[in-house]
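What follows is a set of notes on a single structure, which appears directly below.
Please treat every number below as a calculation from the coordinates, not as lab data. Worth saying up front: this structure is predicted, and the values here are computed from it rather than measured. For neighbour counting, all protein chains shown are included, and Cβ atoms are generated from backbone atoms with ideal geometry for every residue, glycine included.
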Ligand code: 5RP
């Protein structure tokens, strides 16, 4: 089955997990898209939820499909978040941020009682690191952060727009895509990055995912830690 169908199957299965009254974190990307659309269909059928989007793009989509939105100030505790991932390892550690929304995605995941990851089968890996790790930096610190990332073993590459200018996140920051190759110790790398001034956030999500729903062929598999 094509990746698109696996993404849709996983996204739709995750949308079935929301319950009346839930505050729902709404992820970003092409897999989370299907979950948001399916949640919108359930809202039209009577489901009562309120959403917290992880990006401006998802906020637009949620409004378009009829999901009422709120903020973390009003609802700092989220019942369930549904979000995609670029890679998922056997411990459900993740690389995220391919779509540039890693900072808000991590805040929302952290605030959630349950984080449901939705993915197609190509995202499931034995070891994280083939996908370049996105690292969000303030532009002032970029040179310093690049040197630190090189010392940690990767070659950072500034994410750019098609016109060659720096890509900016919803928070006005830049992203360095960092090819580490196989990451032997994800928690240790996460700590080293978090301890580097100028890094606003990185795309290693350690211990945040509760469950992963994987579209595989015509089935949806559930992975737990
Ligand atoms: C956005 C993300 C996405 O969830 C991740 O890139 C996966 O995207 P897709 O579902 O389109 O493959 O982290 O910042």
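Numbers below:
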{"quantity": "For the stretch 28-147, alpha-carbon Rg over 2.2 N^0.38 Å", "calculated": "1.14"}
{"quantity": "Fewest-first ranking of 206, 149, using other Cβ atoms within 10 Å as the exposure measure", "calculated": "206, 149"}
{"quantity": "Inverse mean reciprocal Cα-Cα distance (Kirkwood Rh) of the chain, Å", "calculated": "17.6"}
{"quantity": "Contact order normalised by residue count of the chain, Cα under 8 Å, 6+ apart, percent", "calculated": "24"}
{"quantity": "Listed residues 150, 36, 211, most fluctuating in the chain (Gaussian network, C-alpha, under 10 Å)", "calculated": "150"}
{"quantity": "Exposure proxy ranking, count of Cβ atoms within 10 Å, fewest first, for 71, 160", "calculated": "71, 160"}
{"quantity": "Angle in degrees between helix 3-15 and the longest Cα principal axis of the chain, rounded to the nearest 10", "calculated": "60"}
{"quantity": "Per-pair calculated FRET efficiency, R0 = 30 Å: residue 206 and residue 171 via Cβ, rounded to 0.05", "calculated": "0.90"}
{"quantity": "Percent of beta bridges antiparallel (DSSP, the chain, rounded to nearest 5)", "calculated": "55"}
{"quantity": "Computed log₁₀ I(q)/I(0) - Debye formula, equal Cα scatterers, no solvent, the stretch 109-151, q 0.21, 0.23 Å⁻¹", "calculated": "-0.90, -0.92"}
{"quantity": "Spherically averaged projected area of the stretch 133-198 from its Cα convex hull (nm²)", "calculated": "4.6"}
{"quantity": "Two-site FRET efficiency, residue 70 against residue 20, from Cβ-Cβ distance with R₀ of 22 Å, rounded to 0.05", "calculated": "0.90"}
{"quantity": "Rounded tilt (10° steps) of 30-44 against the dominant C-alpha axis of the chain", "calculated": "30"}
{"quantity": "Label point distance in nm, residue 125-residue 150, each placed 7 Å from Cα along Cα→Cβ", "calculated": "2.3"}
{"quantity": "Fluctuation leader among 45, 32, 15 - the chain, Gaussian network, Cα springs under 10 angstrom", "calculated": "45"}
{"quantity": "Gaussian network model of the chain, springs between alpha carbon atoms under 10 Å - residue of 170, 22, 73 with greatest fluctuation", "calculated": "73"}
{"quantity": "Whole-Å distance, taken between Cα centres, linking the stretch 27-69 and the stretch 189-225", "calculated": "21"}
